[in-house]
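See structure below.
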Amino acid sequence: MAVNNIFEEASYSSENNNPCMKEHLLSLKCLDENNYEQKACQLYFDNYKNCSKFWKEVYITRRQQGIKPDIPTPEEREKIRNEHLKNIKR
């Protein structure tokens, strides 16, 4: 297996297992661009924290209801996010 394929697989695997991978990477990018000044990236950290909290609640609910997989697939996540946003707007 080529080195590039290993990294692609790791990235795909991480994205499948971590619904907040995008937020995680954005916070790391912010740190890198701001010489690791954490105050400059607080918005990114908060966004990642909110994302993690949301998906943890989804995970717990799915486990309690016996829904598999515990972590929704990337294809399911958009629908779950949209349903959540609809409920908030009510």
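Residues that are at pLDDT below 95, over 18 Å from residue 78 (Cβ atoms) and exposed (fewer than 12 other Cβ atoms within 10 Å of the Cβ) within the stretch 9-32 comprise 9, 10, 13, listed in sequence order.
Among residues of the stretch 67-85 being surrounded by 12 or more Cβ atoms within 10 Å (Cβ to Cβ) and among the basic types (Lys, Arg), the one that is nearest to residue 17 (Cα to Cα) is 77.
Sort out which residues of the stretch 44-83 are of a type outside the set (Phe, Trp, Tyr), touching a Ser or Thr at 6+ places or on another chain (Cβ under 9 Å) and not in a loop (DSSP other than H, G, I, E, B), and write them in order of number. First the steps, then the outcome.
Taking the stretch 44-83 as the starting set, the residues that turn out to be of a type outside the set (Phe, Trp, Tyr) are 46-47, 49-53, 56-58, 60-83.
So of that shortlist, the ones also touching a Ser or Thr at 6+ places or on another chain (Cβ under 9 Å) come out as 47, 67.
Selection gives 47 alone.
In the stretch 36-63, the residues that are over 11 Å from residue 19 (Cβ atoms) reach residues that are aliphatic (A, V, I, L, M) and surrounded by 12 or more Cβ atoms within 10 Å (Cβ to Cβ) with C-beta atoms within less than 7 angstrom, at least six apart or across chains, in these pairs: 41/31; 44/26. Condition first: of a type in the set (Phe, Trp, Tyr) and surrounded by 12 or more Cβ atoms within 10 Å (Cβ to Cβ). Now tell me which residues in the stretch 33-66 satisfy that. Passing the criteria: 44, 45, 48, 54, 55, 59. When the stretch 17-43 is limited to residues that are touching a Ser or Thr at 6+ places or on another chain (Cβ under 7 Å) and not in a loop (DSSP other than H, G, I, E, B), the one that is farthest from residue 88 (Cα to Cα) turns out to be 41.
The values are calculated or read from the model by the stated rules, or taken from the named source; none is laboratory data. Bear in mind that the values here come from a model prediction, so they are computed numbers and not experimental data. With ideal geometry, Cβ positions are generated from the backbone for all residues, glycine too; neighbour counts draw on all protein chains shown.
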